[in-house]
Amino acid sequence: MTAETPTQTRPDRFDPGAFEQKWRDRWEADELDTARDDDPRPKRYILTMYPYPSGDLHIGHWYAATGPDIVARMHRMRGFNVMFPMGFDSFGLPAENAAIDRGIPPAEWTKANIDRMRTQFRSMGAMFDWSREVVTSDPDYYRWTQWIFLQFYKAGLAYRALGAVDWCPKDQVVLAREQVLGTERRCWRCNTPVVKRDLEQWWFRITNYSDELLDYSGIDYPEPIRLVQTNWIGRSEGAEIDFGVEADDVEPIRVFTTRPDTVFGATFMVLAPEHPLVSVLTTDDRRSEVEAYVATARRETEIERMSTERERTGVFIGASAINPMTNERIPVWIADYVLPGYGSGAIMGVPAHDERDHDFARRYDLPIRYVVVPAGASVPEGKAFLAHTDDEVLVDSGEFSGMPASEAIGAITRALEERGTGRAAVTYRQRDWLISRQRYWGAPIPIVYCEEHGAQPVAESELPVTLPEDVDFAPTGVSPLQHHEQWLAATCPVCGKPARRETDTLDTFIDSAWYFLRYCSPSNEDVAWDHEQVRAWMPMHLYTGGAEHGVLHLLYYRFFVKALRDLGYVSFDEPTLKLRNQGQILGADHNRMSKSRGNVQAPDELVERYGADTIRAFLMFIGPWDQGGPWNPTGIDGMHRWLGRVWGAALPSAARASGPPADEVLGTSEELTRALRRAAHATIDAVTNDIDELHFNTAISKLMELTNALIRERESGLAGTEAYAEAVDILLKLLAPIAPHVAEELWERRGHPYSIHVQPWPVADPDLVVAETIELPVQVDGKLRDRLVVTPDTPADEIERMALASEHVQRYLSGSKPAKVIQIPGRLVNVVTPSEPADR
C-alpha cells in the first residue's frame, strides 16, 4: 500500500455547508440508495417505523431514523443489497381535526405536510430508498388495505358484532382496548378520559392467534416487549365451572378460575353489571335497585372499579346458583369490581382465599369458608389466606379433604368433567381487535348492506372504495360519511338491488400492519405485493421503532403475518428477525415533544449552523440509543470540533505533517507505526460489533480514540507514512455510516474513487488485533528511565507494580513513595517523585 495524499486544491477548512448538499444531490442523481430487486448480492431488509405526517420533523425523528440508517449503511458496505425504505402513515385523526379547525381538506393538509417532511428527511442524509415510498392515504395503497380486509372477511377473521366499546368523547371515535392508556383510561391520542358505549362494530379475530403470539422462538425481541405482549395476551390455565341457576331455559353461569381447588369455598356468585344474565335473572322486587346500580357502574372507569382503596359495593339480584361440588344454593350478586372484559364476566366468590371477595363478604355478611390451609396450621382470623405454600392441603372439601392443593387442582377438575359441570380450560386477557372507526379520514370498510342479503363484501374489481371529497367534518359522534347520500348509494353484489355502504373506516393500525410488505413492490398495480420479491426480501433483518407500540402495532403486524401465512399469501411466520426500540428524545422540560407544549426542537436550524453530520453524530453519542432522554444541546460544539479534528487528520498540510521526530520516550518510528496499525485494526472490530449491537455511542467513542491516535502520529511526523494513510482510510470507512457527508468529501479529497459508501467495509487483520507484547516507556519525572514488556490487556495496577519494582525507577525514588503514577494506556508510564526525599 502506498501513502495517499490529497489531490484537490480546495481549502482545507472544515465547512459542512460547503459540501453536504452537493453530496446529497449526487447520491440522489446516481440512485445510490435505490435497492435493486435484480441485484445478485444477498438481500438485507432494514426498516424503521414510518412517521405520521404532522407537518415538521423534530429532533426525535432524527434520533429514531439515524440509528437504523447507520446499520443499513454498514451492511451495504459489507456487501449486502440493502433495502431501507421510507413512507408516511398518513391516515388518522389529526388530518381530520385540521379539516374541522382550519377548513382544510384532510388530503390537502396531509400532502403539504408530507412534502415538507420529505424535504426535511432528505437533509439528514439518510439512505432512504424514496423510489419505494408508500403513503397510506393514497388510494393506490388503501385499495390493498381493503383487499386484505376482504380476505380476512372471507376467512372468518373479520366479523361484525355488538359490543361495549371504548369511546373518546373529544375525538368522537371508538378506540381499541390497546388505545386506552393507563389506569385512568385515557385516549392514547388526546388524553381525554374514555367512556363506554354499546355499538355494532367490526373486529378482527386476533385471539385466534393468542398462543402463537406468545411464541418468540427464532426471533430476537427486547425482553420488555416480550413481557408487555405476554402480559397483554394474559394466558391463564385453570378450569371453567358451570353453576346452575334456578330458572327455566337459562344457561348456567360459567366462570373461569385458576384455583378450582377452592370451589368448595364458593359461597356466592358475582356477575359484572354488564353481564347478559343480569337482566334475565334479576327478580322483579330487585330490578329497580339493580338497574340503578348497573347505570352507575357503567359510568365508572375500570381503574375506579378495580381500585384497592375503595370499598367494595354490590347488589343482590334476587337469584341463586348451585355450587356443582356442594349442591348448595348460593346467592347471585352484581358488583363493579367484576369487569365484563375479563374471563367470562362472572366469578365464584371464594372469600376465604381472595382479598376482594373477602372484603365483599364481610361488608354484606356473606359466609366465609376456609378450604385450603397449610398442613398442621390453623386458619387465619379476619383475613383471606392468599399465600401458597408447598404443604398446603384441602379442608372441608368432601372427599378431597387432606389432599395436597397441587394435586387437588387436577383432581377436582376431573371430577367436574365427570359430572358435566366443568372442564380444564385456558383463558386469555386479550380480546379481539376492534377495527372500525366512526371517522372520515381512513380507508372505507369495503362492505355494503342490502335489505335482503345483509352485509356483503364489495367486489375486488371495484376496489378501492374511495373517500368523497365534499363532506361535512362536524364532530357528531357518527361518521361524516353517513350524510353523503351520493357516496352511500351502492349496489348489492348478490341481487343487484340498491344497497348502502358501510360508513365506518378502518383503524389506521391496519395500514401499518402490512406496509412493510408493500415496500417490496410498491408500484405493482396487480397485487398487494409481488410474492417473489416478498420471498426474496422478507422477513426483515432489523426493524426499529418506539417501545410504546408494544401492544399496538408490534402485536398487530405479527398477527397480520401469521394470518396471511395461513391464507397462503406469505411463507414466513414473523415480520422481522430482530426488533430494537430506540429511546425517546424528550423536550428540555422532560415531557414528550409536542407543539402544544412548545418544547419541540426542530433540526433545521441546527443543520444550518453545524451541518447534518454533526447533528447525526451528536444524537448517537448522547447515550445508549435504546434509552433516549431530555434534549440538551450541550455538547454539539464538541461533536463539531471532533469532526473538524477528523478533517485535519485526514488532510494534514505539509506544515502540520512535519512535527518533531519520534524520540526514545515515545518510541521509534517502527514502534509508533505498529501501534497505530494495531489501534486502527482493533477499532475495526470494536466499531463493527458496536454498530451490529446498535451501541452507537460507544462506536463513536472508539472513533474518537482512533482520531486522537492519528493526530498524535501526525504531530510525531508520521503523517506521510503508509500506516498513517491506511489508518485514515479505515477511520473514514468506519465513520461513513455515522457522518456520510464528511466521509464522502474526505474520501474524494484523498484521491479515492467515488463513492466511499460502496467501498468494502474494512476487515481487521487478526495478527494485529490479537494480544501481543508491547513495550511501555517508563519515565521518572518525564524522563525515560526504563521500558516494560507487557501485553496490551495487562491491568493498570500490575503495570504500576512492575514500574515501581524497576531498579532504574527505585534509584530516583530513593526509597520514597511516588507522589503519583501517571499512565497513558498503551503508551507510557510516568512516575512522579515526591518533592521531599525520605529520610535515609
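The values are calculated or read from the model by the stated rules, or taken from the named source; none is laboratory data. These numbers come from a predicted model, not from an experiment. Because the Cβ atoms are built from the backbone with ideal geometry, glycine has one as well, and the counts that use them run over all protein chains shown. The area values use the complete protein model at the heavy-atom level, side chains included, leaving out ligands, DNA and RNA. Shrake-Rupley method; radii C 1.70, N 1.55, O 1.52, S 1.80 Å.
Screening residue 270 on (1) part of a strand (DSSP E or B); (2) open to solvent by 30 Å² or more (accessible area, probe 1.4 Å); (3) hydrophobic (A, V, I, L, M, F, W, C) shows it passes everything except condition (2). Between 252, 276, 260, the distinction of being surrounded by fewer than 19 Cβ atoms within 10 Å (Cβ to Cβ) and either free of Cβ contacts under 8 Å to residues at least 40 places away in the same chain or out of contact with any Phe, Trp or Tyr (no Cβ under 7 Å at 6 or more places or on another chain) (or both) belongs to 276 only. Pull out all pairs, ordered by first then second residue, where Cβ-Cβ is under 8 Å, the residues are six or more apart or on different chains, the first lies in segment 629-640 and is farther than 15 Å from residue 601 by Cβ and in contact (Cβ under 8 Å) with a residue 24 or more places away in the chain, and the second is in a helix (DSSP H, G or I) and open to solvent by 40 Å² or more (accessible area, probe 1.4 Å). Once the first residue is farther than 15 Å from residue 601 by Cβ and in contact (Cβ under 8 Å) with a residue 24 or more places away in the chain and sits in segment 629-640, its partners that are in a helix (DSSP H, G or I) and open to solvent by 40 Å² or more (accessible area, probe 1.4 Å) give 639/621. On inspection, residue 430 passes the criterion of being within 30 Å of residue 322 (Cα to Cα), within 43 Å of the chain's Cα centre (by Cα) and not in a helix (DSSP H, G or I).
Of all residues in segment 52-67, those satisfying the criterion of being at pLDDT below 95 and open to solvent by 10 Å² or more (accessible area, probe 1.4 Å) are 52, 54, 56, 58, 60, 61. Just one of the listed residues (616, 558, 592, 597) is farther than 30 Å from residue 702 by Cβ, buried (at least 21 other Cβ atoms within 10 Å of the Cβ) and among the charged types (D, E, K, R), namely 558. For segment 602-610, the count of residues that are in a loop (DSSP other than H, G, I, E, B) and either touching a Phe, Trp or Tyr at 6+ places or on another chain (Cβ under 7 Å) or modelled with pLDDT of 95 or more (or both) is nonzero. Inspect segment 559-567 for any residue being over 20 Å from residue 206 (Cα atoms), in a helix (DSSP H, G or I) and either at pLDDT 95 or above or in contact with a helix residue (DSSP H, G or I) (Cβ under 9 Å, 6 or more places away or on another chain) (or both) and give the result as yes or no. Looking through segment 559-567, none of the residues is over 20 Å from residue 206 (Cα atoms), in a helix (DSSP H, G or I) and either at pLDDT 95 or above or in contact with a helix residue (DSSP H, G or I) (Cβ under 9 Å, 6 or more places away or on another chain) (or both).
Sub-6 Å Cβ pairs linking a first residue in segment 554-570 that is touching a residue at least 24 places away in the same chain (Cβ under 8 Å) and over 15 Å from residue 529 (Cα atoms) to a second residue that is of a type in the set (Asp, Glu) and part of a helix (DSSP H, G or I), at least 6 apart or interchain, are 562/212, ordered by first then second residue. Would a scan of segment 77-87 turn up a residue that is among the basic types (Lys, Arg), modelled with pLDDT of 95 or more and within 27 Å of residue 557 (Cα to Cα)? Among the residues of segment 77-87, not one is among the basic types (Lys, Arg), modelled with pLDDT of 95 or more and within 27 Å of residue 557 (Cα to Cα), which makes the answer no. For segment 500-545, the set of residues classified as part of a strand (DSSP E or B) and surrounded by 17 or more Cβ atoms within 10 Å (Cβ to Cβ) consists of 501, 505, 506, 540, 542, 543, 544, 545, listed by residue number.
Within segment 47-61, the residues that satisfy the criterion of being under 18 Å from residue 133 (Cα atoms) and either among the hydroxyl-bearing types (Ser, Thr, Tyr) or outside any loop (DSSP other than H, G, I, E, B) (or both) are 47, 48, 50, 52, 54, 61. Every listed requirement among (1) within 43 Å of the chain's Cα centre (by Cα); (2) crowded, with 18+ Cβ neighbours inside 10 Å is met by residue 341 save one, (2). Taken residue by residue, segment 418-426 has at least one member that is in a loop (DSSP other than H, G, I, E, B) and surrounded by 19 or more Cβ atoms within 10 Å (Cβ to Cβ). Does segment 427-442 contain at least one residue that is open to solvent by 30 Å² or more (accessible area, probe 1.4 Å), free of Cβ contacts under 8 Å to residues at least 40 places away in the same chain and either in contact with a strand residue (DSSP E or B) (Cβ under 7 Å, 6 or more places away or on another chain) or not β-branched (Val, Ile, Thr) (or both)? Checked against the condition, which is being open to solvent by 30 Å² or more (accessible area, probe 1.4 Å), free of Cβ contacts under 8 Å to residues at least 40 places away in the same chain and either in contact with a strand residue (DSSP E or B) (Cβ under 7 Å, 6 or more places away or on another chain) or not β-branched (Val, Ile, Thr) (or both), segment 427-442 yields no hits at all.
Among the residues of this structure, residue 123 does not count as one that is polar (S, T, N, Q) and under 30 Å from residue 432 (Cα atoms). Residues considered: 44, 76, 24. Of these, the only one that is open to solvent by 40 Å² or more (accessible area, probe 1.4 Å) and not in a loop (DSSP other than H, G, I, E, B) is 44.
Regarding residue 142, is this residue assigned to a helix (DSSP H, G or I), open to solvent by less than 10 Å² (accessible area, probe 1.4 Å) and closer than 30 Å to residue 455 by Cβ? So residue 142 fits the description; yes. Against the criterion of being open to solvent by 10 Å² or more (accessible area, probe 1.4 Å) and under 30 Å from residue 46 (Cα atoms), residue 135 qualifies.
With respect to (1) of a type in the set (A, V, I, L, M); (2) farther than 30 Å from residue 92 by Cβ; (3) modelled with pLDDT of 90 or more, the lone exception for residue 227 is condition (2). Residues in segment 321-338 that are under 15 Å from residue 280 (Cα atoms) and open to solvent by less than 10 Å² (accessible area, probe 1.4 Å): 321, 332, 334. Mind telling me which of the residues 667, 648, 623 ends up being part of a loop (DSSP other than H, G, I, E, B), open to solvent by less than 30 Å² (accessible area, probe 1.4 Å) and either within 25 Å of residue 121 (Cβ to Cβ) or at pLDDT 90 or above (or both)? Of 667, 648, 623, the one residue that is part of a loop (DSSP other than H, G, I, E, B), open to solvent by less than 30 Å² (accessible area, probe 1.4 Å) and either within 25 Å of residue 121 (Cβ to Cβ) or at pLDDT 90 or above (or both) is 623.
When we screen 694, 703, 710 for residues that are open to solvent by less than 20 Å² (accessible area, probe 1.4 Å) and under 12 Å from residue 672 (Cα atoms), the only hit is 710. Just give me the residues in segment 166-193 being in a loop (DSSP other than H, G, I, E, B) and touching a helix residue (DSSP H, G or I) at 6+ places or on another chain (Cβ under 9 Å), in sequence order. Scanning segment 166-193 gives 171, 176, 182, 183, 184, 185, 188, 189, 190. If we keep just the residues of segment 321-340 that are in contact with a strand residue (DSSP E or B) (Cβ under 9 Å, 6 or more places away or on another chain), in a loop (DSSP other than H, G, I, E, B) and not acidic (Asp, Glu), which is modelled with the lowest pLDDT? Of everything passing the filter in segment 321-340, 340 is modelled with the lowest pLDDT. Within segment 304-320, the only residue that satisfies the criterion of being open to solvent by less than 60 Å² (accessible area, probe 1.4 Å), modelled with pLDDT under 75 and not small (Gly, Ala, Ser) is 305.
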